[in-house]
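Novice: Right, I'll just put the structure down here and ask away after.
The values are calculated or read from the model by the stated rules, or taken from the named source; none is laboratory data. Just so we're clear, the structure is a prediction, and the values are computed from it rather than from any experiment. For neighbour counting, all protein chains shown are included, and Cβ atoms are generated from backbone atoms with ideal geometry for every residue, glycine included. Each accessible area value is taken on the protein alone, full model and side chains, heavy atoms only, with ligands, DNA and RNA left out. Shrake-Rupley method; radii C 1.70, N 1.55, O 1.52, S 1.80 Å.
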Amino acid sequence: MTPARTGSPDSLRLALGSARLRAGLAFVLVLLMVLGVRLFQVQALDLDGMAQAGLSKRLTTTAVPPVRGSIVDMNGKDFARSVERFDIVVDQQLSAVDEFRRWNEATEEWEVIPMKQGLAELAEVLDMEQDTLRAAVLGDKTFNFVLRSVTPDMKNRALDVRVPGVYADPTSLRTYPAGPVGGSIIGYVSADGKPREGLEYALNDALTGTAGSRTFEIGGDGIRIPYATNEDIPAENGQDVRLTIDQDLQWFAQQTIASQVEEYDAEWGNIVVVEVDTGNIRAMAESTTPDPNDPGATPPEQRRPNSVSASFEPGSTTKVITLAAALEEGLITPASEFELDNRYTVGDQTFKDSTDHGKEKRTAAGVLAKSMNTGTVQIGEKLTKQERYEWLKKFGIGEPLGTGLTEENQGLLPTPDTWDDRQQYTVLFGQGLTQTALHTAMVYQTIANDGVRLAPRLIDAYVDPDGTEHVVPQAEGTPVVSAETAAQMRTMLETVTEEGSGKSGELEQYRVGSKTGTAEAPSESGGYDGYTLSYVGIAPIEEPEYVVVVTLQRPQGDLYYLIPGLSFQKVMQQVLTANNVPASTTRPDIYPVDY
């Protein structure tokens, strides 16, 4: 065979094919290089933000609510607390599918679940009607509630169904383990999470905390991608609040006053217990109080803490201020003598005692013991009008209480330039001014505390989530009368218990100083339509520990047989016994009531 010659047609075709192959390979390499560069730009450099845009479409951010702080009593017992709950919610646009995939742990394979089956399973887990569930899950909303406030266990079981678009938002449920005990003080949080009344409202800023956030990726099937982008900003939980209230004593006092109000068919009643040397409020009990778990069951007008919100004319319990002022000013002594008829006239104003009597010779101590208006006016007129006003102010009448409750009523003490000819004397025995039961308690706390008035203290401490305590300091006390005057007044109050109107509050094991009060209750239509009865006691009077005030509004029946001192007996005995206060070992020390 003769070899092909160079430049023959065959060799030319072979050379041309080889060149085309090389050109094609070069083109493919260039194309791959261009694609690689572009892929690098898109995935690594993302110069146009396409990857970020895609990620943004998959990211979902939800708020993480803080856990609301608890409200506890002096011993840490819960009045209010929050428990972990979840809202089951849905992005309906992600649920618009006919089927979805779910991993089967048993077979270790993905299985296809018809949407109808998934909704049926979810309805069973959430204990919902299927039609109700379908209406919540299916639609075109990007956010919709399916079921609110479910337990962590129910949340886990619901998410295990893996219905696309269905997820859980953390929340909490406010509960009140003590029920109605202290309910008027605590207030409540409504179903929409808003604080209503009481300390829940007043201390909302401290209790609430600061919300956080949670950002995560959701796949095309509407299910959260477990190991993808995840960014958590933790919530800062609210502070706990520890009160000065003793929950057990609060319960006992509520039961006691509710029973007496029912027995006397009174409009309402309350009992206040204050610790003498701290001003701590150990109980502030109302005859009717709401259960914060179901506040709607109690009429709105009966949900308030009347101990600080209801202001009334106190009557004869205010006589201690008149007597203490006259003693401090050196105008009388406990043994000062007064010859008294049933009526006493000064200027054109006549005052009378509550019972008819002939001429009596009473000491100043006897005037207080027998609660005589006539003698009180004779003592009080030794003070100028301005002095009478200033002494009432010194004892806290007409002043804010500062408990932190927004329902507080500071009472009414008109200035002396507004007093008419009669009011300038009625203020001496508790008429023509108003105050709350807690005001009354703090007047007697001052006498019991050697003449030093403290602010009532309801909040003991704020406690951070990490346990750090911020104790609320007791404000510095205000000296009102000397220790000597206070001691004389305590002896006079024990004389009231032993020889006067306070006998109903006597205790077998403890010496008691006390005072009663009766005042007419004004009618909304004008005039008066009932009475306000009070009993205030200090025990043990020789070494005072506690003040207890009982108030009854508009009790029905003969006043002679209405005895608020019976409730005082029960509650004072309870607080002294529960706190292991030693029984009195000395006999009563009293002043002569007549001469």
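Novice: From the list 437, 487, 441, 461, pick out the single residue that is open to solvent by 30 Å² or more (accessible area, probe 1.4 Å) and either within 34 Å of the chain's Cα centre (by Cα) or in contact (Cβ under 8 Å) with a residue 12 or more places away in the chain (or both).
Specialist: One residue alone meets the criteria, 487.
Novice: Test of understanding: among 83, 97, 112, which residue is in contact with a Leu (Cβ under 6 Å, 6 or more places away or on another chain) and surrounded by fewer than 17 Cβ atoms within 10 Å (Cβ to Cβ)?
Specialist: Being in contact with a Leu (Cβ under 6 Å, 6 or more places away or on another chain) and surrounded by fewer than 17 Cβ atoms within 10 Å (Cβ to Cβ) holds for just one of 83, 97, 112, which is 83.
Novice: Same structure, new question: Does residue 315 meet the test of being surrounded by fewer than 21 Cβ atoms within 10 Å (Cβ to Cβ) and either over 42 Å from the mean Cα position of the chain (by Cα) or within 14 Å of residue 427 (Cβ to Cβ) (or both)?
Specialist: Taking the combined requirement at face value, the residue does not satisfy it.
Okay, residues lined up against (1) more than 30 Å from residue 503 (Cβ to Cβ); (2) in contact (Cβ under 8 Å) with a residue 12 or more places away in the chain; (3) open to solvent by 10 Å² or more (accessible area, probe 1.4 Å):
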position: 309; (1), (2), (3): yes, yes, yes
position: 320; (1), (2), (3): no, yes, no
position: 325; (1), (2), (3): no, yes, no
position: 357; (1), (2), (3): no, yes, yes
position: 372; (1), (2), (3): no, yes, no
position: 381; (1), (2), (3): no, yes, yes
position: 403; (1), (2), (3): yes, yes, no
position: 410; (1), (2), (3): yes, yes, yes
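Novice: If you scan the range 237-271, which residues turn out to be part of a helix (DSSP H, G or I), touching an Asp or Glu at 6+ places or on another chain (Cβ under 8 Å) and buried (at least 23 other Cβ atoms within 10 Å of the Cβ)?
Specialist: 250, 254, 257, listed by residue number.
Novice: Residue check: is residue 501 at pLDDT below 95, open to solvent by 10 Å² or more (accessible area, probe 1.4 Å) and over 32 Å from the mean Cα position of the chain (by Cα)? Even if it seems obvious, please write down each step before you answer.
Specialist: Working: at pLDDT below 95: yes; open to solvent by 10 Å² or more (accessible area, probe 1.4 Å): yes; over 32 Å from the mean Cα position of the chain (by Cα): yes.
Yes; evaluated as a whole, the condition is true for this residue.
Novice: Can you pull out every residue in the range 525-564 that is farther than 16 Å from residue 268 by Cα, within 30 Å of the chain's Cα centre (by Cα) and not aliphatic (A, V, I, L, M)?
Specialist: Passing the criteria: 537, 544, 545, 546.
Novice: When residues of the range 359-370 are filtered for being crowded, with 19+ Cβ neighbours inside 10 Å and in a loop (DSSP other than H, G, I, E, B), how many remain? Write out each step before concluding.
Specialist: Narrowing the range 359-370 to residues crowded, with 19+ Cβ neighbours inside 10 Å: 360, 362-370.
Now narrow it down to the ones that are in a loop (DSSP other than H, G, I, E, B): 370.
Going through the range 359-370 one residue at a time, the tally reaches 1.
Novice: Scan the range 385-397 and tell me whether some residue there is modelled with pLDDT of 95 or more, in a loop (DSSP other than H, G, I, E, B) and either surrounded by fewer than 23 Cβ atoms within 10 Å (Cβ to Cβ) or hydroxyl-bearing (Ser, Thr, Tyr) (or both). Show your work before the answer.
Specialist: Restricting attention to the range 385-397, the residues satisfying the condition of being modelled with pLDDT of 95 or more are 385-397.
Those still in the list that are in a loop (DSSP other than H, G, I, E, B) too: 395-397.
Cutting the leftovers down to either surrounded by fewer than 23 Cβ atoms within 10 Å (Cβ to Cβ) or hydroxyl-bearing (Ser, Thr, Tyr) (or both) gives us none.
No.
Novice: So, one more: For the range 345-352, check the following and say yes or no: at least one residue is of a type in the set (Gly, Ala, Ser), modelled with pLDDT under 95 and at positive phi.
Specialist: Yes - at least one qualifying residue is present in the range 345-352.
Novice: Follow-up. So residue 305 fits all but one of (1) under 30 Å from residue 267 (Cβ atoms); (2) in contact with a Leu (Cβ under 7 Å, 6 or more places away or on another chain); (3) surrounded by fewer than 21 Cβ atoms within 10 Å (Cβ to Cβ); what number is the exception?
Specialist: (3)
Novice: Got a sec? Which of 199, 133 is at pLDDT 95 or above, buried (at least 18 other Cβ atoms within 10 Å of the Cβ) and more than 25 Å from the chain's Cα centre (by Cα)?
Specialist: Within the list 199, 133, the selection yields 133.
Novice: Considering only the range 217-236, I want to know if a residue exists there that is of a type outside the set (A, V, I, L, M, F, W, C), crowded, with 17+ Cβ neighbours inside 10 Å, modelled with pLDDT of 85 or more and at negative phi.
Specialist: no
Novice: Out of everything in the range 509-537 that is at pLDDT 95 or above and open to solvent by 70 Å² or more (accessible area, probe 1.4 Å), what residue ends up being nearest to residue 560 (Cα to Cα)?
Specialist: 531
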